[in-house]
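Student: Below is one structure. I have some questions about it.
The values are calculated or read from the model by the stated rules, or taken from the named source; none is laboratory data. In this text the structure is predicted, and so the values were computed from the model without any measurement. We place every Cβ from the backbone using ideal geometry, glycine too, and count neighbours over all the protein chains shown. Surface accessibility is based on the protein's heavy atoms, side chains included, excluding ligands, DNA and RNA. Shrake-Rupley method; radii C 1.70, N 1.55, O 1.52, S 1.80 Å.
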Amino acid sequence: MYRIESKIDVNSAEFKNNREEFLKVLNEYKKNLEKVRVRDEENPVIRHKKRGKLLARERIDLLIDPNTPFMELSPLAAFDAYDNQFPSAGIITGVGVIHGKEALIIANDATVKGGTYVAETIKKHVRAQQVAIENQLPCVYMVDSGGIFLPEQSKVFADRFNFGRFFYNQARLSAMGVPQIAIVMGSCTAGGAYVPAMSDETIIVKKQGTIFIGGPPLVKAATGEVVTPEELGGADVHTSISGVADHYAENDQHAIQICRNIFQTLEAREKQQLELSPVEDPFYDPEELYGLAPIDFRKPVDSREIIARMVDGSRFHEFKARYAPTLITGFANIMGYPVGIVANNGVLFSESSSKGAHFVELCQVRKIPLLFLQNITGFIVGKQYEHGGIAKDGAKFVHAVANADVPKFTVVFGGSFGAGNYAMAGRAYDPRLLFMWPNARISVMGGEQASGVLIQVKEEQLAKAGKTLDPKDREKLRKEILHKYDVEGSPYFSTSRLWDDGIIDPVDTRKIIAMGIAMSLNKKFPDMKNGVFRM
Ligand code: COA
């Protein structure tokens with residue numbers, strides 16, 4: 001593979017300005033992360049610690065192997081919602097290594113409204129289980145939750161991907177041979193009782209963990225029986241009388257140790273084999289991504305420059321380098337893992353779509369994971385292109401991506417607009433993981449374009465009634481639409497709603513993608529299977 005020759009002058013004013021602007025955006029992102037992660041001064045956190053309990057992230061740190069990273073998913077879920085009363089949506093999820101095995105960890109944060117579930121908490125829990133299903137990762141549930149946040153019950157209880165889905169997923173995962181382990185470190189009330197009860201193996205902490213279908217207040221209301229939580233469903237009851245739990249732990253630390261011991265007994269999985277290369281740093285410094293990450297979307301950035309700062313040795317074996325230059329395709333290695341990269345370099349034309357579909361097929365046949373780097377305004381529009389069949393060529397690309405069952409990873413490093421989002425493995429195309437850079441934007445189209453379309457529709461409506469749009473009203477409408485798109489296109493709007501798996505610092509991209517590929521090897525890659533391509 002040849003080394004990409006960077007044409008960027010890192011001393012130019014343009015590069016330095018971009019870097020300066022980007023660092024402001026990065027700083028805001030880091031502050032937002034800190035807000036949800038560092039809450040030591042808050043009363044529920046102080047009370048939680050006084051009870052001798054570890055915080056959710058501390059529990060995870062102890063559970064995973066020393067000096068190994070935890071890939072946290074969607075830490076900014078529910079950001080700017082509910083008056084920010086649900087930091088990280090009250091649940092921590094992610095992938096870590098336990099006794100050398102990749103595992104999916106779900107930990108309730110009892111310092112957030114008693115660890116109860118609002119819509120985003122549910123979405124995050126179900127999304128984490130989806131990651132476990134797709135990558136066949138054993139699951140650890142660190143339970144400390146009051147169940148459904150009752151005022152929001154209509155949004156979290158009854159639908160297909162609501163609370164009940166947790167237990168359905170546990171049963172399905174267990175049937176797939178994917179171990180399900182619960183550590184009861186606090187409350188497991190009502191539906192929540194099924195998390196430990198549906199697990200293959202369950203640990204419960206003395207005088208801390210409780211499991212019951214109906215808590216003491218409900219029991220009193222229903223039957224008049226007066227009972228303490230400990231008598232009703234504490235660790236002693238469940239390990240010696242009911243048999244709902246299997247292991248009795250003295251405290252959080254002990255429970256975590258028991259869980260690690262359980263991992264030693266799990267069957268080793270037969271992994272997908274990839275041809276690995278020695279790990280090598282990129283030749284160009286990944287920190288230079290700060291000067292390249294698109295801030296002003298009107299200025300094009302050659303995505304080869306982005307790739308050069310992400311892949312081993314900055315080496316890239318480009319495919320069809322001379323053809324359809326608005327889509328860059330080629331092979332590289334990321335921390336030794338082979339990867340096929342599809343990156344936007346402008347609007348998608350018919351040729352770029354065919355090239356993309358062809359390259360995706362190559363990766364499917366060769367069983368090489370795919371990395372999509374999105375910076376896309378959409379497919380080309382206009383009479384010439386419609387006549388040339390852009391719809392059917394675009395469809396080929398979308399078709400290939402939808403059916404590509406090799407692990408796909410998507411990083412939005414600029415804009416993600418229109419159907420380009422679909423072709424480039426947007427959320428609806430089941431990439432194993434999807435991340436956004438803090439400068440990224442995502443919406444059906446840009447604000448300017450949307451205001452242009454909507455104003456034109458309005459003018460046509462008025463013209464039919466023999467009226468015209470007053471220039472003042474036109475400007476007011478334009479500003480309103482721009483503002484709405486500005487708010488809704490933000491990566492925080494996206495990540496709060498779990499349209500992605502999180503916002504990441506560009507320099508971490510290669511580490512995160514490598515972890516994603518490592519976890520994906522727990523499931524053998526299937527053979528290529530495609531449907532009918534419209535020719
Ligand atoms: N719905 C809505 N709010 C709830 C809640 C629920 N199910 N469970 C707890 N909360 C709220 C509390 O009102 C309190 O809110 P505040 O901070 O605004 O005052 C906050 O969460 C913390 O609760 P608190 O009881 O003070 O904390 P705790 O650590 O002592 O106890 C629980 C936590 C979960 C054990 C306890 O609150 C409880 O038993 N909740 C009810 C659980 C239940 O019956 N769930 C059934 C739903 S399926």
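Student: Going highest first, how would you order 182-194, 78-90 by mean Cβ packing within 10 Å?
Tutor: By packing density, highest mean first, the sequence is 182-194, 78-90.
Student: Quick one: Debye curve from the C-alpha atoms of region 190-302, no solvent, what's log10 I(q)/I(0) at q = 0.13, 0.17, 0.19, 0.24 Å⁻¹?
Tutor: Debye curve over Cα of region 190-302, log10 I(q)/I(0) at q = 0.13, 0.17, 0.19, 0.24 Å⁻¹: -0.67, -0.88, -1.03, -1.31.
Student: If I stretch the segment between LYS50 and GLU267 completely, what's the gain in nm (0.36 nm per residue apart, minus their alpha carbon distance), one decimal?
Tutor: 74.3 nm
Student: Still on this structure: When a/c reaches 1.5 or more, the comparison of a/b and b/c decides; with that in mind, is the chain rounded, prolate or oblate per its Cα gyration tensor?
Tutor: Taking the square roots of the gyration eigenvalues as a ≥ b ≥ c, the chain is prolate.
Student: For region 299-372, just say rounded, prolate or oblate: build the C-alpha gyration tensor, square-root its eigenvalues into a ≥ b ≥ c, call rounded for a/c under 1.5, and beyond that prolate if a/b exceeds b/c, oblate if not.
Tutor: The shape class here is oblate.
Student: What number, rounded to the nearest 500 deg cm²/dmol, is the helix-based mean residue ellipticity at 222 nm of the chain, given -39500 (n - 2.57) per DSSP H run of at least four residues and division by all its residues?
Tutor: Roughly -12000 deg cm²/dmol at 222 nm, from the helical runs in the chain.
Student: Anything over 29 Å Cα to Cα? Flag those among LYS35/LYS124; LYS123/LYS320; LYS35/LYS271; LYS155/LYS524; LYS16/LYS408, in the order listed.
Tutor: The answer is LYS123/LYS320; LYS35/LYS271; LYS155/LYS524; LYS16/LYS408.
Student: Next up: Given R₀ = 25 Å, FRET efficiency for ARG497-ALA158 by Cβ-Cβ distance, to 0.05?
Tutor: Working from the Cβ atoms, E equals 0.80.
Student: If I compute solvent accessible area with a 1.4 Å probe over the protein chains, what percent of it on the chain is carbon and sulfur?
Tutor: C and S atoms contribute 53 percent here.
Student: For region 226-370, what does the alpha-carbon gyration tensor say about shape, rounded, prolate or oblate, given a ≥ b ≥ c as the root eigenvalues, a/c under 1.5 as rounded, and a/b over b/c as prolate?
Tutor: prolate
Student: Continuing with the same structure: Counting DSSP beta bridges in the chain, what percent are antiparallel, to the nearest 5?
Tutor: 40
Student: Please enumerate, by chain and number, the lysines with C-alpha under 26 Å from the C-alpha of LYS479, excluding those fewer than 8 residues away in the same chain.
Tutor: Leaving aside lysines fewer than 8 places away in the same chain, those within reach of LYS479 are LYS24, LYS299, LYS458, LYS464, LYS467.
Student: In region 241-326, which trypsin sites (Lys or Arg not before Pro) fall in coil by DSSP and have 10 or fewer other Cβ atoms within 10 Å?
Tutor: Listed in order of number, the matching sites are ARG298, ARG322.
Student: Over the chain, average the accessible area per residue using a 1.4 Å probe and give it in Å², no decimals.
Tutor: That works out to 46 Å² per residue.
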